[in-house]
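Some notes on the structure that comes next.
The values are calculated or read from the model by the stated rules, or taken from the named source; none is laboratory data. Since the model is a prediction, treat every value here as computed from it, not as a measurement. We place every Cβ from the backbone using ideal geometry, glycine too, and count neighbours over all the protein chains shown.
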Amino acid sequence: PQNATSNIVNGIAGAVSETFQENVEAIESEIESGIDTARSALQTGIKGAETGTKLGLTGPRFGAKVLNAISGRN
């Protein structure tokens, strides 16, 4: 009985440990995915700002209209 109880306890402890590790890995994956999404959005925003700046420098009136359109101003 002692050995069987020990095996059960060890089995439960192992299952808990594996489940905990799987949850940690899943959370890490979600965090990495969120960081990648934020990084992508930031890069897209930077590219948009660079494009607007270039347009603003090459054709001030046209660039201003584009920037206003992007920002939602009239």
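Only a single item in (1) more than 13 Å from the chain's Cα centre (by Cα); (2) free of Cβ contacts under 8 Å to residues at least 12 places away in the same chain is not met by SER40, and it is number (1). Can you confirm whether ALA69 is among the aliphatic types (A, V, I, L, M), in a helix (DSSP H, G or I) and modelled with pLDDT of 80 or more? In short, no.
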